[in-house]
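Working notes for the structure below.
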Amino acid sequence: MADLPGASPAMQLMLPSDVNLSERDMCDLEMLLMGAFSPLKGYLDRANYLSVLHNMRLTTGEVWPIPIVLPIPKSSCRPADSSAAGQKVTLRDKLGLIIAEVKVTDVYEPDLSIEMEKVLGSTDTNHPYAQHLLAHCSDHYYVGGEVTQLHDIQRFDFKEYRLPAPEVRQMIKDKGWGTVVGFQTRNPMHRSHFELTRQALREASEETGKKAHLLLTPAVGPTQPGDVEYHIRVRCYKRLLKYYGDDSVKLVLLPLAMRMAGPREAAWHAIIRRNYGCTHFIVGRDHAGPSAKKKDGSPFYGPYEAHETLKSVQDELGIRPVFGREMVYVGEEHGGYLQRSQVPEGVPTQNISGTQQRHMLQSREPIPSWFSFPDVVEELHKFYLPFHERGFCCYFTGLPCSGKSTLAIAVEAAISENDSERRNVTILDADIIRTHLSKGLGFLREDRSMNVRRIGYVASEIVKHRGICLVANIAPYDEDRQFNRNLITSAGGGYVEVFVNTPLELCEQRDVKGLYKKARQGIIKQFTGISDPYEPPRSPELCLETTEDVSNHVQQVMDYLVANKWILRPSE
């Protein structure tokens, strides 16, 4: 175990009396209050935080691999003459409703690079949770302290499946289930997942000599960008239950905010299922690994790295891991689904990749019954609409006076002329947005980021409702553009970043408002391109060198949208 510093006094700060939690932080709070994070009763103090990072344990010695913390912006705190310990912070949901109270025992400043390295195994910013930490926990303190619930968290969907850990444990006891296998998923379940769980039930039953039952516990909190949103997934899970036959499966939804932390997260998932009364837990292939690859193209975790981590601590967890291997289809004449290692030599296997499956769903190609169940496919068709029926956002970014607004207006006209197009088109121009939605914001970095993210929020709502949104916005910081990309794609739509790459000299020549001149004279402060930086997009879908005629650029945008099936060709 690492040699860690001992406990230190909480920082001398006056904390805010109230904090409105994000959806991710609200999920952590809900899991705490439901008993899912036992033995935790609140947020980690500094000593436990460091112990979790370096040793994967609490200071008491119990295995706990993921830090549960309450981030509070430094800007909301102020210096004080006394310690922050003993203060109380009220926790509210996004509507401002009071949910709980934290009695503060510690306030400390995290080192996010160390947190990423220890928890995720990498500081590579392609990791979705690394992006989250940098975007939402930079310039924050962490607050430790016990949580007291004051009011219930309001969840109105799938209420019969949202059960706290003690209630599920009692249900298991009442039913007399002696062997219970937990299964974690953030994806729709197909035949391979179904057969994986049945194989695990057989193994657990053989081990214990008792009939094994399945506790299906999907995560319905934030996962990673691009995942199927949970309402669709839950409808798929409900359709799947009947295929298990008799009273052998129970569906329980977990408001779990995943970190995609691979091996560490697998151990965390096991502990959570132990708290729900499971005796066994299925550890899958590449368990809780992100879809994204590192910048060098390699995966963040090995396919069975999580297995090795579970093996190293399994005797301390109070739950037995069942190590799932890749399941492949070999045809009914050879047994249907087998673990790849069990396939007889010379027997061909069949598989459909995730990318292939999404393409087949969107193009309405038939999905073979050996791959998925027809009623599950029916539900997924509601999510995987053809591209030309989904919403999308074209985000035009570039220096002031680069031609973003002109190009957006011209592209709107081209889409409107297309007689195959039925969706409404909305232009979000930054100047107009600042007059209305962002009136009162200045030009400090924080205000600029807020403006860009507000535009992203509105765009995500348009896209979610299957509209076309054309944004003309400088959006100078890469972090904010990435935030908007994730927000918009998580709403189920497409995101097309168009870098309007006009040289600074040409932008100044086009400046009919005289803004560049005033910036050069120092009259306008923090002007992008002169006294404030513009971070060019790293990998935009389109990069337009706008020394050419605008009609050529409109055609390039339209060609891209047609080629990628976001719009159909005109019927003429």
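Based on the alpha-carbon gyration tensor of the stretch 13-149 and its eigenvalue square roots a ≥ b ≥ c, which shape applies: rounded if a/c is under 1.5, prolate if not and a/b is larger than b/c, or oblate? Cα axes put the stretch 13-149 in the rounded bin.
Assuming 0.36 nm per residue, please report the length gained on full extension of the stretch residue 524 to residue 76 beyond their Cα-Cα distance.
158.4 nm is the gain from fully extending residue 524 to residue 76.
Helix 550-563 and the longest principal axis of the Cα set of the chain meet at an angle near 20°. Each peptide in 411-418, 38-45, 252-259 was scored by the mean count of other Cβ atoms within 10 Å over its residues; highest first, the order is 252-259, 38-45, 411-418. The residue 562 and residue 125 beta-carbon pair, evaluated with R₀ = 25 Å, returns a calculated FRET efficiency of approximately 0.15.
Over the stretch 107-182, the Kirkwood radius and the radius of gyration, each from Cα atoms, give a ratio Rg/Rh of 1.14.
As a calculated quantity, the FRET efficiency between residue 340 and residue 14 at R0 = 41 Å, using C-beta atoms, amounts to about 0.10. The slack in the chain from residue 95 to residue 363, taken as 0.36 nm per residue of separation less the alpha-carbon distance, amounts to 92.6 nm. In straight-distance terms, cross-link reach from residue 250 covers every one of the lysines whose alpha-carbon lies under 22 Å from its own, apart from those fewer than eight places away in the same chain; here that gives 159, 173, 175, 210, 211, 238, 242. Taking the helices alone, the chain has a mean residue ellipticity at 222 nm of -10500 deg cm²/dmol, built from -39,500 (n - 2.57) per DSSP H run of at least 4 residues and averaged over all its residues. The calculated pair-distance distribution of the stretch 80-148 uses every alpha carbon pair, bins of 5 angstrom beginning at 0, and gives 3, 15, 18, 16, 19, 16, 10, 2, 0 percent. In the chain, the longest principal axis of the Cα atoms and the axis of helix 230-240 are about 30 degrees apart. Summing charges over neighbours of residue 512, with a neighbour being any other residue whose Cβ is under 14 Å away from its Cβ, gives +1 when K and R count +1 and D and E count -1. Here is the short version for the chain: 27, 77, 137, 236, 278, 394, 543 have no other Cys C-beta closer than 4.7 Å.
Taking 7 Å steps out from each Cα toward its Cβ at residue 103 and residue 539 produces label points 5.0 nm apart. What is the local net charge at residue 364, summed over the other residues whose Cβ is closer than 14 Å to its Cβ (Lys, Arg +1; Asp, Glu -1)? Net charge around residue 364: +1. For the stretch 468-524 versus the stretch 199-223, the spacing of their alpha-carbon centroids is 50 Å.
Matching the structure-derived Rg and Dmax of the Cα atoms in Å against the labelled list (1) 23.3, 71; (2) 36.0, 115; (3) 26.1, 83 gives the label (3).
Any idea what angle helix 305-317 forms with the longest principal axis of the chain, computed on alpha-carbon atoms, 0 to 90 degrees, nearest 10? Helix 305-317 sits at roughly 50 degrees to that axis.
Only lysine pairs 8 or more places apart, or on different chains, with alpha-carbon atoms under 23 angstrom apart are counted in the stretch 387-564, and they number 10.
Values in this text are rule-based calculations from the coordinates and carry no lab data. Computed from a prediction, not measured in an experiment: that's the story for all the values here. Neighbour counts run over all protein chains shown; Cβ positions are idealised from the backbone, glycine included.
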